[in-house]
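Below is one structure; the comments refer to it alone.
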Amino acid sequence: QWIKNGKALSGEIYRQLTQISAGYYTVKTTDSNGCSAWSDSFQVIAEYFNIYPNPTLDVLHIEAGFGQSVDVSYYLVDMLGRVILNFDDGNHKGIYSKDLNLVLYASAMYILKVKAGDIVYTEKIIKN
């Protein structure tokens, strides 16, 4: 049984949730002998998160939907671990959209890290 913000989610009794939105989740599992265990609580702040196109030639688009207000920042790291782009984008709630212009950067593989509140989304980016 899935629990969101302390309340059981009706019909959500399988391994994967069919609907997910921002909030705090736990899950209670029960085996065939009736023994139960609870998961640790985890927080979902983004209802969706997309980075595209990947690979990219010049512009990388970041899109997310935040169910609560979060501070958003991002940085791009090269394969030597050097931070080559770092930006604090302020506080956001709802639909978030940002275009990163990578035209001045060399064709290579990079790591993009987007921090939203206490959660960090990490994506390998290929710049052609």
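The values are calculated or read from the model by the stated rules, or taken from the named source; none is laboratory data. Computed from a predicted structure; not experimentally measured. As a convention, Cβ positions derive from the backbone with ideal geometry for all residues, glycine included, and neighbour counts pool all protein chains shown. Quick note on the areas: whole protein, heavy atoms, side chains included, nothing else; ligands and nucleic acids left out. Shrake-Rupley method; radii C 1.70, N 1.55, O 1.52, S 1.80 Å.
Given a cut-off of 29 Å, name the pairs among LYS4/LYS124; LYS7/LYS93; LYS98/LYS127; LYS28/LYS113; LYS28/LYS98; LYS7/LYS98 whose C-alpha atoms lie farther apart than that in the structure shown.
Distance filter (> 29 Å) returns LYS4/LYS124; LYS28/LYS113; LYS28/LYS98; LYS7/LYS98.
Using the Cα centre of the chain as the reference point, and only Cβ charges (+1 on K/R, -1 on D/E), how large is the resulting charge dipole? Debye, rounded to the nearest 20.
Using Cβ point charges on Lys, Arg, Asp and Glu, the chain gives about 180 debye.
Give, as ranges by residue number, the residues of segment 94-128 whose backbone N falls under 14 Å from the point 7 Å along Cα→Cβ of SER73.
Label zone hits: 113-121.
Hey, got the dipole for segment 52-95? About the Cα centre, +1 on K and R Cβ, -1 on D and E Cβ, debye to the nearest 20?
Dipole about the Cα centre, nearest 20: 80 debye.
Magnitude of the Cβ-charge dipole of segment 8-78, K/R +1 and D/E -1, about the Cα centre, nearest 20 debye?
Using Cβ point charges on Lys, Arg, Asp and Glu, segment 8-78 gives about 320 debye.
Of the options PHE49, ILE13, TYR24, report the single residue whose Cα projects farthest towards the positive end of the charge dipole of the chain (beta-carbon charges: Lys, Arg +1; Asp, Glu -1).
ILE13
Going 7 Å from the Cα of ALA108 along its beta-carbon direction, which residues of segment 49-70 have the amide nitrogen within less than 13 Å of the resulting point?
No residue qualifies, since no backbone N sits under 13 Å from the label point.
For labels at ASN128 and TYR14 in the simple 7 Å Cα→Cβ model, what's the distance in nm?
The two pseudo-label positions are separated by 3.7 nm.
Full extension from THR30 to ASP89: what is 0.36 nm times the residue separation minus their Cα-Cα distance, to one decimal in nm?
Stretched out fully, the THR30 to ASP89 stretch lengthens by 16.9 nm.
Counting only protein heavy atoms, what percent of the accessible surface of the chain is carbon or sulfur at a 1.4 Å probe?
51
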